There are 2 protein chains.
Amino acid sequence: MKKFINTVDSLLDESLSGFAQAHGDIVHFNPEPRYVSRIALSRPGKVALISGGGSGHEPLHTGFVGFGMLDAACPGQVFTSPTPDQMLAAAMAVENGGGVLFIVKNYAGDKMNFEIAAELLDRPHESLLVHDDVSIPEHQGMGRRGVAGTTLVEKMVGAAAESGYDLAACKALGERVVQRTASMGVALSSCTVPALGHPTFAIGEEEIELGVGIHGEKGRERMALVSASEIVEHLVRTIDQELKPAKAQPVLLHVNGLGATPLMELYLVYHLARQFWEQRGVTIARSLVGNFTTSLDMAGCSVTLSLLDEEMIRLWDAPVHTAALRWGC
Amino acid sequence: MKKFINTVDSLLDESLSGFAQAHGDIVHFNPEPRYVSRIALSRPGKVALISGGGSGHEPLHTGFVGFGMLDAACPGQVFTSPTPDQMLAAAMAVENGGGVLFIVKNYAGDKMNFEIAAELLDRPHESLLVHDDVSIPEHQGMGRRGVAGTTLVEKMVGAAAESGYDLAACKALGERVVQRTASMGVALSSCTVPALGHPTFAIGEEEIELGVGIHGEKGRERMALVSASEIVEHLVRTIDQELKPAKAQPVLLHVNGLGATPLMELYLVYHLARQFWEQRGVTIARSLVGNFTTSLDMAGCSVTLSLLDEEMIRLWDAPVHTAALRWGC
């Protein structure tokens, strides 16, 4: 295993310490129990947004803590859910009279632990489940996974909370964004979890994994390596069939790198995905290209489409000041 | 070779088209000859900053075109210098009465082609050479390579040009920033140039390449894979011996990913590098962590240190609005 690492046990804290030092104007890292929060409490009455999940997806979620997005993020060990005491401590630290909205990606461990934390929390709270991965059918097993659409949800709900939406309104907005957002990914390589020390799955030099998750889970289908146009066609067709954007529908197109794929290729994927929808008369109104929801050192990417309306556009454009997303301030 | 690619010949234009589409509020892509420029001319009399180099280092340089940084960037094929006609066309398009400053990374091809373009350009112009890579001795061969320090130079000189510095003052500032900036990199893997189709150099499962360049050139020394602390120690000691920062000296610490290394590891490297200088009483005043000067799909990173003064801090903090760096606007 080739990584910049001292020990598997110290990796997370050393990394989070560096993160908090590099962004000391935005975040504070609480080591015990682990959470990252804004350096200053949000204004009284604002809904506090808390997310979290296994580490290894950076910048998600710690990189989204700050003005206009999250109030706190709870990082678990690599690809491992954070524990309820982390979520509870984060909630107690950042709740400021507006209640807490937990934003949870749809994975068994995350869901269970956020539910326990919610039960223990003696403040108004709600939970919002993100399940944007359309690579698997909606009602199979645990249901759809939460993947790169999470960035969009956290940005828009974050702006809503900042602008005064109450707890119920934040949750309702978040559910609407989730309903209007679909993602699908593809891996060219596996990834190596430090504690495991070798790639999670084997994949041949001429194979790709379609519909891959963000934890090195196998995907929907193993297929032969084909041209970028053919790969992108698989992703965008599946998403298009799910969301069925109408002509002139404004959308946000997000191409997300899974970790080891160069920006040069991500922009090429973006170009091809954009072409697909533009040919159908869909309006690409907003775009986001880069590594946001990663899977350690996996080569690959995902495409996310979100059907926008005026409110969503306004919330997307609203000022944000986090380590990973920053504009308007 | 596993990449998102249609053909080797079309990769660059497909990628640049996607880049320009995703950032249509900031840049325009001229396909023939290839350059990326701001969508609007800068104010009359502003020094026009133009950089460029081989592609495969994204977001450098195209991602730095925009308010507060470059006026234009000229992308060559992967790891291949752009041609003089690109630079000349870019200069003619963006020069607006303040003359042109070419910012050139110290590589033979780039240097030669920018020199030819400068000779052909019938407008006031100067060139600034970036050579921040301290992994090789100063007067060996072509001299030191321009690597991740380029981001700092383009940001600070960009802010200076925006705030009214004239051509001579921009060049003088740039030379000062270069003198006060040192970088060194390390690779855990090689990278694969699309036209070649296989990794540029072979490296064992238990080996790393110290002092690597950003084109898959071999580095200064092949050594055994050791702990992150030991690897970082090699980088920061070499940089420290070069710059000899005094106690209380404010510095900018930049940890740059070479492409395939997760953010989690980059923050860990940042933490260790920061610790080294903090223990020596140096003040880490500004930080930048992420993929800025990449080498395609190479796993690895570089550390850059820059000795700051008040003017440099002011220029670093000044508003910038590009695809890759954005704050204050």
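Brief remarks follow.
- Heavy-atom SASA rank of A:HIS234, B:HIS23 (probe 1.4 Å, accessible area, largest first): A:HIS234, B:HIS23
- In order through segment A:76-89: 3J(HN,Hα) via Karplus (6.51 cos²θ - 1.76 cosθ + 1.60), integer Hz, x for Gly, Pro: x, 4, 4, 6, 10, 4, x, 9, x, 5, 5, 5, 5, 4
- Cα gyration tensor category, rounded, prolate or oblate, for segment B:221-272 with a/c compared to 1.5: oblate
- Sequence-distant aspartates and glutamates (8 or more away, or on other chains) whose Cα lies within less than 15 Å of B:LYS3: A:GLU205, A:GLU206, A:GLU207, A:GLU209, A:GLU230, A:GLU265, A:ASP297, B:GLU14, B:ASP297
- Using 0.36 nm per residue and subtracting the Cα-Cα separation, the extra length available between A:MET92 and A:ALA108 on full extension is 3.4 nm.
- Once A binds B, the 1.4 Å probe can no longer reach about 4800 Å² of accessible area, counting both sides.
- Max mean-square fluctuation residue, GNM over chain B, Cα-Cα springs under 10 Å, options B:LEU60, B:LEU305, B:LEU252: B:LEU252
- Other residues whose C-beta falls under 13 angstrom from the C-beta of A:MET69 contribute a net charge of +1, scoring Lys and Arg +1 and Asp and Glu -1.
- Positive minus negative residues near A:VAL94 (Lys, Arg vs Asp, Glu; Cβ under 9 Å): -1
- Copy-to-copy label distances for B:GLU175, where each label lies 7 Å from Cα along Cα-to-Cβ, are 6.6 nm in order of increasing length.
- In summary, the convex hull built on the alpha carbon positions of segment B:1-42 has an orientation-averaged projected area of 3.6 nm².
- Per the rotation superposing chains A and B, the chain A residue found at the smallest beta carbon distance from the axis is A:ALA260, 2, distance in Å.
- Loop trypsin sites (Lys or Arg not before Pro), segment B:197-288, which have at most 16 other Cβ atoms in a 10 Å radius of their Cβ (DSSP): B:LYS218, B:LYS247, B:ARG280
- Antiparallel %, DSSP beta bridges [both residues in chain A], to 5: 55 percent
- Shape call, chain B: gyration tensor on alpha carbons, a/c limit 1.5: oblate
- Label geometry 7 Å along the beta-carbon vector: B:VAL226 inter-copy distances in nm: 4.9
- Paramagnetic label zone (point 7 Å from Cα along Cα-to-C-beta, A:GLN279; backbone N under 17 Å) in segment B:5-19: B:5-7, B:14-15, B:18
- Shape category assigned to segment B:181-315 from the gyration tensor of Cα positions, a/c cut at 1.5: prolate
- Label-point spacing for B:MET142 across the identical copies (point 7 Å from Cα in the Cβ direction), in nm and ascending order: 5.0.
- B:GLU233-A:ALA195 FRET efficiency (beta carbon distance; Förster radius 30 Å; 0.05 resolution): 0.75
- Linear extension gain, B:SER163 paired with B:GLN140, 0.36 nm per residue minus alpha-carbon span: 4.6 nm
- Working note: 222 nm ellipticity from helices only, DSSP H runs with n ≥ 4, each -39,500 (n - 2.57), summed and divided by the residues of chain B, gives -10000 deg cm²/dmol to the nearest 500.
- Counting Cβ atoms of other protein chains within 10 Å of each Cβ in A:4-11 and taking the mean gives 6.
- A simple count of charges around A:ALA228, restricted to other residues whose Cβ falls under 14 Å of its Cβ and scoring Lys, Arg +1 and Asp, Glu -1, yields -3.
The values are calculated or read from the model by the stated rules, or taken from the named source; none is laboratory data. Since this is a predicted model, take the numbers as computed values, not measurements. Using ideal geometry, Cβ is built from the backbone for each residue, glycine included, and neighbour counts are taken over all protein chains shown. In case anyone asks, the SASA skips ligands and DNA or RNA and just uses the protein heavy atoms, side chains included. Shrake-Rupley method; radii C 1.70, N 1.55, O 1.52, S 1.80 Å.
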